Structure formats: C-alpha cells, structure tokens
Amino acid sequence: MKILVGVKRVVDYAVKVRVGSHGVELKNVKMSLNPFCEIAVEEAVRLKENKGAGVSEIVALSIGPKQCQETLRTALAMGCDRGIHVQTDLRGDYMELQSDAVAKLFQKIIEEKEKDADLVLVGKQSIDSDCGHVGPMLAGYMSWPQATFAAKIDVEGNGLLVERETDQGTETIRIPKLPAVISCDLRLNEPRYATLPNIMKAKKKKIDTFQAEDFGIDLEPKNKVLEVFEPPARKEGIFVDDVNQLIDKLRNEAGVIP
Amino acid sequence: MLSTIARRGRLLSTSISIRCASTLIIAEPASDVSALAPSTLAAISAAQKLHSGPITLMLNTSIDPSVVPSSISTILNTNQSDSLAETIAAAVKKAQETYSFSHIVAPATKFGSNVLPRAAAALNCSPITDIIDILSEDTFVRPIYAGSALAKVQSTEVVKVLSVRSTAFDQAEVDGSSATVVDLDVEKQILTEFVKANVSKSDRPELSSANIVVSGGRGMKNGENFHLLEALADKLGGAVGASRAAVDAGYVPNDLQVGQTGKVVAPDLYIAVGISGAIQHLSGMKDSKTIVAINSDAEAPIMQVADYALCQDLFKAVPELTEKL
C-alpha cells in the first residue's frame, strides 16, 4: 500500500491572530504543522509499523511557500519516507489558494507523479481556513471512496473499515477496495514527537519540488475574499460573588431561567 | 443548460443567474420522518434570504408536506437507504442535471461537511461553507481562524454550492407546504458500504439545538465527575457539552465537543464549568445569548468573556447551583 499524506503549514494554534489590511497578519507569526495533518501523518506511520497493512512507502505532500520544506521535514522525522513540495506563494488561508485548487493539485500529483497511490490521508480541516474541503473534494474529483472524520481505521482484506464521527456519535463504514481518501479527526490517534535520531535521518530523505503553476490548473480563487474583519466584541461581563447572586442575575437580569 | 454555460466559463452575467434562481436544500437525514431536523429548517430559512425563486427539498425518504415549511415548492425523494457521501453527491448531481438550480444549500453539520464538498466537486464548483450571514445571492460571510476573523466572500461560480451554520439562522416556520413529492432516480454506488451507527442515546436535548448547555472542561478532572453537570443540565432541561481538553483526556465522547473543530452552539444560556476558554473553544460558543463561567481561576480567559463569572471551586458551586435552582 502506498500512502500519500497531505501536510499543511498553518498559523500555530496558540497564536492569537490579528486582522490587518489584507487579511490576517502573517508576518513574523509562528507557523506549525496543522494539528489534523499531524494526526494524518501519525496514522500513516502507524499503518506502516503494522506489518499486516503492507505499507511500502509514505509520501508527504505540502503546497505553499519555500518554508513548507520545514513542514515536510517534520513529517519525514515522524516517519514519512519522502516528500513532495508544490511551491506557490499564494496564501493558503482562504485568501488566495482555495480548496478546489488544492484538491486539483493533489489530483495532478497522484495522476502524474504517484500513480500507484492507494490511500490519501489528510486532516479533517486546517485551522486557518477552517474549510475541511480538500479530503472530500479530492475523493469527488478522483471518484474514489471517502471517509471523513475518521476516528479509527482498520485494514480489512483489500479494503478498510473506518469508524467515523457523526453528529449523533459515530458510524462504521466499509471501503471494500482501495484507493480511497480519508480525512482524520481528533480521536484517531495521538501524534508522536519526532526523536532526535529521526530528525537527523529526515535531513537525508528526499524532497522533490514542483511549481504549482506548472500543472495547468487555474489557481485563481473562485470565491473572492472582499474583506476580512474582526467579529463584533461581546458586551463586558461581571463577576458574581456567589451562587445566589448568579441565580438572581440569570433569573431577573438575563431572563434565561424561570 | 446552466452546466453547458459553466463549461464555457464565467461569462454568464449576474442578471441571468437571478432570473433562473432556484435552490436545492440537501436535508439532514431524518432520524424521525415526522419532522425535519432543526439544521434543515435553519438551512431553509437561510435559503429564503438568497432570492425569491422556488426552493426544493431533497431527502432520502418520503416526508409529509404538512411538516415542511410553506416555502418548499417541491420535495425530491431519492429513495436511498443510506446517507453516504457518495450516494448523496450522486443524487445532487442528478438533481442538478435535471433541474439546473442556481443555489445548492446544506446545513454546516458533520453530515453537510461530509457531503457538500464532494457534491461541489461532482459539479466542478468551489463551495463556500459554514456561512453565518447572507448579504446577497452571491456574497456571504464565513468565519476563518476559529472565528477570530470573518471573511466577506463573493462566489463567481454559476452554481453556488453552500453550507450554512445552523446557529446563525432562525429555523423556518413549519407551516405546512403544498409541495409535490417527486422521486429522483439515483444509481446505487458501490464505493463504500454503511456497516452500523453508534448513536449516543440521550433523553437530553440535542447539543446543537439546545436552549441551555452545561459544558465541562479539564477542570472536571475525570469522566465520572460529569455527572455533576448532567444533574445541573437535567434541572435546567439542557444539554451537556465539553471542551476539546475534556474530549482529548477521554472524559467524554467526541460528539459532546464544543469548539472550532467540534460543534458550534448558540444557546440562550451556556454554562462553562472548569473550562479555561481557549480561542478554539470560544469559537464554538461565543454567540450564546448569556454565558456563565464557573472556574476557580479568576485569570482564566473565559472569565473575561462570560456575562457572569463565578470564581469558585466548581465541585462546591455546581451542586449548590443545582440544588438551589
């Protein structure tokens, strides 16, 4: 089984973002591997470590500026075998490069460079654009089976059994035959920390670079971001002294309890 | 007709798209065929803001038009036994080929997030999801960066494929429609198979649509302590939620998670117990009408966001609150 894992470089989850004149300010802001992409990488590595799955190779794919090479090195240090960097300076946080173009780039990489990819693992969403489109859109373009919000993946014969999160709990679906696309959710696994020896080994692993414009895809956003602004602030609240005062406020001031 | 024009490029003028305006609503699968899900009703009300053209409702089963809002003029029954993304995307494609909608709308739930992007890909359109405001038939507002920023975005696609956040729209009134029910023939797909559902059974109201939510965080220390919140929720007739920290730590299952990557709720009353108030959690509940925070740490970010903050040990405050209500 050959696995392709999407890894996105995003603003670190702990950063409090500021809205500038052209979208969210990214200058000098700490960037990291998207947490859900990290879960996807971890799952790919666990599938490889599980000999029964027969994973031959894990390829990490990142689309973005030259700093994506650092993101790829993190994925390689966690256990991916090699990386592909599709270089573009277009902003990937919803402003310029949007999900449909990203999914089409994934499709091109699969069709032109990694024809024997059996499984694509991506995070369920990136924490900058908060779209969650790439997984299901790629599956749609490829006409491949999809399983989003995966909480558990088991190899079953030539296919997979996936337990996925739903609004009411979870459901189990079967993918009888690969190839397929799976997007990874929070409960799937807890990603490992890359050990120093693996970080050193990752420096020697191969990363191929391609230019996003060379794939013949229209990278222009179909959804034009006209403006980015901060949400309205909430009215300031107060501290209450005790439960009695809280109940009084809720009943007589807020009117939310009888 | 519209699909041919889409292939020729985005040369179609806005005026033509308004003239042919009509919307398809992808209904949340009905667990109970006697009523539409609250998220579907919110999607219908959102659709009413797009244009004055007809609205069609697509469901996987038959439903009595009397439990459907009057704004629905046609009901499409796909007669499918499953709600897998492949099945519904194929149904949407078939519906679009048959009726050439200008807008396709789904609720922004896990169901909608699973299905809509695949449907958009099938139609070769770029979707806009998690919409919280509709400014016109092609311009919308959606949150990014966990709601720390809002993006005003205009679709240039001929067919607008959209999902709407249920808490941002009122539910459409169920005043009974005179819609005709039409069968939509959809080929059975074989890419995936439904095996079973593991539904969390609860007598409590559903988290996404509850009027009152009592939520617990890492401060609860373990899963058993959540019974304190359940008792409070029951006294108030509310639902129980949790922060990602509580889910991560295994205190409660994932479907209780409120936040950027969990459920977005906007109840009349949200009580955050032992929750610090990270941005990611706030993005899932900051539209609540009244926010209460119970936390022994007065410096916790949530204490600044809450309308009423009680700085006290939750293991004392919560039982006292439950008893005195």
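Quick look at the values:
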{"item": "Complete set of residues in segment A:176-198 that are of a type outside the set (A, V, I, L, M, F, W, C) and either touching a Cys at 6+ places or on another chain (Cβ under 9 Å) or within 14 Å of chain B (Cβ to nearest Cβ) (or both)", "result": "A:Pro176, A:Lys177, A:Pro179, A:Ser183, A:Asp185, A:Arg187, A:Asn189, A:Glu190, A:Pro191"}
{"item": "Conditions (1) at pLDDT below 95; (2) at the interface with another protein chain (Cβ under 7 Å from one of its Cβ atoms): number failed by A:Glu171", "result": "(1)"}
{"item": "Counted residues, segment A:136-159 - those being in contact (Cβ under 8 Å) with a residue 24 or more places away in the chain, more than 8 Å from chain B (Cβ to nearest Cβ) and under 19 Å from B:Ala197 (Cβ atoms)", "result": "3"}
{"item": "In segment B:119-136, the residues that are closer than 23 Å to B:Pro38 by Cα, outside any strand (DSSP E or B) and either facing chain A (nearest Cβ under 7 Å) or not β-branched (Val, Ile, Thr) (or both)", "result": "B:Ala119, B:Pro127, B:Leu135"}
{"item": "Any hit, segment B:99-112, residues being over 13 Å from the mean Cα position of the chain (by Cα), among the aromatic types (Phe, Trp, Tyr) and in a helix (DSSP H, G or I)", "result": "yes"}
{"item": "The listed residue being assigned to a loop (DSSP other than H, G, I, E, B) and more than 9 Å from chain A (Cβ to nearest Cβ), out of B:Val186, B:Val214, B:Val182", "result": "B:Val186"}
{"item": "Residues being touching a helix residue (DSSP H, G or I) at 6+ places or on another chain (Cβ under 6 Å), closer than 18 Å to A:Ile39 by Cβ and either more than 11 Å from chain A (Cβ to nearest Cβ) or open to solvent by 10 Å² or more (accessible area, probe 1.4 Å) (or both) - total across segment B:255-273", "result": "1"}
{"item": "Filter pass, B:Asp138 being open to solvent by 30 Å² or more (accessible area, probe 1.4 Å) and either in contact (Cβ under 8 Å) with a residue 60 or more places away in the chain or not polar (S, T, N, Q) (or both)", "result": "no"}
{"item": "Selected residue (criterion: farthest from the other protein chains (Cβ to nearest Cβ)) from residues of segment B:74-105 that are modelled with pLDDT under 95, farther than 19 Å from A:Ser143 by Cα and open to solvent by 20 Å² or more (accessible area, probe 1.4 Å)", "result": "B:Asn79"}
{"item": "Flag for A:Lys201 being more than 18 Å from A:Leu33 (Cα to Cα) and away from chain B (no Cβ under 12 Å)", "result": "yes"}
{"item": "Given (1) open to solvent by 10 Å² or more (accessible area, probe 1.4 Å); (2) within 19 Å of A:Val225 (Cα to Cα); (3) away from chain A (no Cβ under 14 Å), index of the condition B:Val164 fails", "result": "(1)"}
{"item": "Single residue of segment B:190-211 satisfying the filter (within 18 Å of B:Ala272 (Cβ to Cβ) and part of a helix (DSSP H, G or I)) that is nearest to the other protein chains (Cβ to nearest Cβ)", "result": "B:Ser208"}
{"item": "Identity of the residue in segment A:118-128, within 15 Å of A:Val45 (Cα to Cα) and among the aliphatic types (A, V, I, L, M), that ends up surrounded by the fewest Cβ atoms within 10 Å (Cβ to Cβ)", "result": "A:Leu119"}
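The rows are residues; the columns are (1) surrounded by 23 or more Cβ atoms within 10 Å (Cβ to Cβ); (2) over 30 Å from A:Arg251 (Cα atoms).
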residue: B:Thr156; (1), (2): no, yes
residue: B:Ser202; (1), (2): no, no
residue: B:Val213; (1), (2): yes, no
residue: B:Gly250; (1), (2): no, yes
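The values are calculated or read from the model by the stated rules, or taken from the named source; none is laboratory data. Values in this document were obtained by computation on a predicted structure and should not be read as measured data. All Cβ positions, even for glycine, are placed from backbone atoms using ideal geometry, and neighbour counts span all protein chains on display. Heavy atoms of the whole protein, side chains included, go into the accessibility calculation; ligands, DNA and RNA do not. Shrake-Rupley method; radii C 1.70, N 1.55, O 1.52, S 1.80 Å.
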